[in-house]
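Here is the structure we will look at.
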Amino acid sequence: MEVIIDKTPEISSANAAAEIAKLLKAKPRAVLGCATGGTPLKLYADLISMCENGEISFAGVRTFNLDEYVGLGPDDPNSYRRFMDENFFDRIDIKKSNTRVPDGLAKDIPAFCSEYEKEIKDAGGIDLQILGLGSDGHIGFNEPSSSLCSRTRIKTLAPQTLLDNARFFGGNADAVPKYAITMGIGTIMDARSVVLLAFGEGKADAVAKMVEGGISAMLPASVLQMHENAKVFVDEAAASKLANIDYYKYVRSMRP
Ligand code: PGA
């Protein structure tokens, strides 16, 4: 796990965007795993700018999103499909048919989840998975106690996640859907590389446990310690509870 600490979320996002740009230049038909939430917004804005100025293209790219609320369709302003269209897909040169977000209105959820897994496999697997980090340590909507080998499935959202996401629902935690379809932790671990972003003091505990704690289903992101190619982009605030902060900075400055 490579821990990359920068002063601000803006600098971290620019560095993460550079990582994705590097992949797209090397592999124009790359498969990207996308995340929603407040954290990746600046990253998406940077990628949009790079696309607008011709530095990168998404014309051959395919995407798979991590998750979607059960019961919310693409027309719902709070659906993750809508979030992705507005904040990313509608503003880059990607073919909309190459973008996949779990179907929150699927009638047969287990069948949909198996099909989603199959589509990822048929696309050749995910080259780079973008992740945020829940304050409870979740990745995707894999809440504490999720199996570290889990695949795409329906999950019950943790009370902490309902509180964290209430800001997108007029501040009302009761309005947040209670269930989501999410890629599993095993699905995420199959990605060839992972770029996780976490910003702000509110994420500092989860970041410290993810990087320096034991691997545990109670802190799902800690499984990334087992990933061969995981980069963690954090700002100073999110890094503030890491015991070995000087070591990560030293390693970064000494990279061969
Ligand atoms: P946030 O959510 O980016 O809105 O903080 C992160 C997550 O829940 O994965």
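The values are calculated or read from the model by the stated rules, or taken from the named source; none is laboratory data. The structure presented is a predicted model; accordingly, all values stated were derived computationally and were not measured. When we count neighbours, we look across all protein chains shown, and the Cβ atoms used for this are built from the backbone with ideal geometry, even at glycine.
Miscellaneous remarks
- Residues of the range 177-192 that are β-branched (Val, Ile, Thr) and in contact with a strand residue (DSSP E or B) (Cβ under 8 Å, 6 or more places away or on another chain): Ile181, Thr182, Ile185, Ile188.
- Residue ID - farthest from the chain's Cα centre (by Cα), chosen from residues in the range 110-136 that are within 16 Å of the ligand (Cβ to nearest atom) and of a type outside the set (Asp, Glu): Ser135
- Residue list for the range 19-36, filter: small (Gly, Ala, Ser) and farther than 24 Å from Glu86 by Cβ: Ala26
- Condition met for Phe64 (surrounded by 14 or more Cβ atoms within 10 Å (Cβ to Cβ), within 21 Å of Arg167 (Cα to Cα) and not basic (Lys, Arg)): no
Rundown of residues vs (1) more than 12 Å from the ligand (Cβ to nearest atom); (2) touching a residue at least 24 places away in the same chain (Cβ under 8 Å), yes/no style:
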{"site": "His138", "(1), (2)": "no, yes"}
{"site": "Ser146", "(1), (2)": "yes, yes"}
{"site": "Thr156", "(1), (2)": "yes, no"}
{"site": "Leu163", "(1), (2)": "no, no"}
{"site": "Ala166", "(1), (2)": "no, no"}
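- Here Thr152 meets the list (1) loosely packed, with under 15 Cβ neighbours inside 10 Å; (2) within 30 Å of Lys22 (Cβ to Cβ) almost entirely, failing just condition (1).
- Subset of the range 159-193 that is of a type in the set (Asp, Glu) and surrounded by 15 or more Cβ atoms within 10 Å (Cβ to Cβ) - its residue that is farthest from Gly137 (Cα to Cα): Asp190
- Every pair of residues 6+ apart whose Cβ atoms lie under 6 Å, when the first sits in the range 200-218 and is farther than 15 Å from Ala237 by Cα while the second is more than 15 Å from the ligand (Cβ to nearest atom) and in a helix (DSSP H, G or I): Ile215/Gln225
- Under the condition of being within 27 Å of Ala14 (Cβ to Cβ), within 13 Å of the ligand (Cβ to nearest atom) and part of a strand (DSSP E or B), the residues counted in the range 172-193 number 0.
- Boolean, Asn78 is closer than 20 Å to Met50 by Cα and at pLDDT 95 or above: no
- Qualifying residue in the range 2-11 (condition: under 19 Å from Ala166 (Cα atoms), within 16 Å of the ligand (Cβ to nearest atom) and in contact with a strand residue (DSSP E or B) (Cβ under 7 Å, 6 or more places away or on another chain)): no
- Flag for Leu196 being within 30 Å of Ala21 (Cα to Cα), crowded, with 18+ Cβ neighbours inside 10 Å and in contact with a Lys or Arg (Cβ under 8 Å, 6 or more places away or on another chain): yes
- Checking each residue in the range 204-243 for being of a type in the set (Val, Ile, Thr) and either closer than 11 Å to His138 by Cα or crowded, with 17+ Cβ neighbours inside 10 Å (or both) picks out Val207, Val211, Val223, Val232, Val234.
- Every test in (1) β-branched (Val, Ile, Thr); (2) under 30 Å from Gln225 (Cβ atoms); (3) in a loop (DSSP other than H, G, I, E, B) is passed by Ile130 save one, and that test is (3).
- Candidate set: the range 152-171, residues that are assigned to a strand (DSSP E or B) and basic (Lys, Arg); chosen: the one farthest from Gly37 (Cα to Cα): Arg153
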